[in-house]
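The values are calculated or read from the model by the stated rules, or taken from the named source; none is laboratory data. Everything quoted here is computed from the prediction, not taken from an experiment. Because the Cβ atoms are built from the backbone with ideal geometry, glycine has one as well, and the counts that use them run over all protein chains shown.
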Ligand code: SF4
């Protein structure tokens, strides 16, 4: 996939939760930065689980993850510490990272000290630099997380991740809990940081428009498997998998330049404990044929750098009509990915947020 030797290589990754194969034989590469790989799919597609497996937050049942040539599963001691510094995660909800009882500056200083970047007592100036780098007033160092808007808290979480000079970020839906204005600002920040810091990242999202802006490569996941992958611009201009075509058709900014009209998929993603036979997408696929119900399509190359798992990929690529199926319902809200509907009601920043000089109420108790 990537032109350069990969920084992160995922080969045949499987992650199981009891009987569920949350990730089922996924192989992906992330090139050295500046580089972005977007993982796209609905809830339950396995995209966040892949990010967590990369960070060793969930165990792999099979397959291998290599970072800079080293097998991540085999790391321990100093090497594991170095890896945990080199690969940082930014969660959807910054409150997963920030302790509500700890002032913002102390939270960043803690990360700096934990990885031996700067002794805690000398961390102040570096903390202020980092806050500035992510577009916040350095005086925010004295605030508690609850005194910031959601977008500002996410900036602090990014500053904390950057503080240890990572080589790669796992960005797990970093904007989907924010309102549209805050989303745009965080995305702009990610775009500028990737160039300035030569960052590589795995961007996990349900938002194709975000991937089209920030990622060179894209992998579309469905029920724990790669449905399609390749260079972002090429893949979005001409998807070869019906699922990708449906996803794309739900994004006006992308679909406007394409041939297709809105494709609404029938039904919900299948039960992962009892996946469909054959192609796992066949119960929802508008162009499924008999073969699809009995034969699982393998992931195969259809053009340089492009892989797809569909028996009818060539026809989809050629622009096959996608008829609505009988009983089709408007269940495409999860696919309506532009202008996310799962935003906080209000997340204005920074003008209408609490200002740095404001009184500092006591932090709320944890939990
Ligand atoms: Fe649809 Fe068949 Fe292709 Fe699966 S293999 S995506 S069911 S056409």
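A few notes on this one:
- Residue within the range 156-174 that is without any contact (Cβ under 8 Å) to a residue 24 or more places away in the chain and either farther than 13 Å from residue 94 by Cβ or surrounded by fewer than 20 Cβ atoms within 10 Å (Cβ to Cβ) (or both) present: no
- Count of the range 297-313 residues, restricted to those that are buried (at least 16 other Cβ atoms within 10 Å of the Cβ), assigned to a loop (DSSP other than H, G, I, E, B) and more than 8 Å from the ligand (Cβ to nearest atom), is 1.
- Residue, farthest from residue 23 (Cα to Cα), within the range 267-296, restricted to residues that are touching a strand residue (DSSP E or B) at 6+ places or on another chain (Cβ under 8 Å) and within 12 Å of the ligand (Cβ to nearest atom): 281
- Pairs meeting the criteria (first residue in the range 276-301 and on the phi > 0 side of the Ramachandran plot, second residue more than 6 Å from the ligand (Cβ to nearest atom), beta carbons under 7 Å, at least 6 apart or on different chains) are 278/293; 278/294; 278/295; 278/296.
- Among the conditions (1) within 13 Å of the ligand (Cβ to nearest atom); (2) modelled with pLDDT of 95 or more, the only one that residue 263 does not satisfy is (2).
- Residue within the range 40-54 that is assigned to a strand (DSSP E or B) and in the same structural domain as residue 86 (by TED's automatic domain parsing) present: yes
- Total residues in the range 77-98 satisfying the condition of being within 22 Å of residue 6 (Cα to Cα) and out of contact with any helix residue (DSSP H, G or I) (no Cβ under 8 Å at 6 or more places or on another chain): the figure is 7.
- Here residue 273 does not qualify as in contact with a helix residue (DSSP H, G or I) (Cβ under 7 Å, 6 or more places away or on another chain) and touching a residue at least 24 places away in the same chain (Cβ under 8 Å).
- The residue list 344, 324, 334, 349 contains one member that is at pLDDT below 75, more than 12 Å from the ligand (Cβ to nearest atom) and not in a loop (DSSP other than H, G, I, E, B), which is 334.
- Selection status of residue 294, modelled with pLDDT under 50 and surrounded by fewer than 16 Cβ atoms within 10 Å (Cβ to Cβ): no
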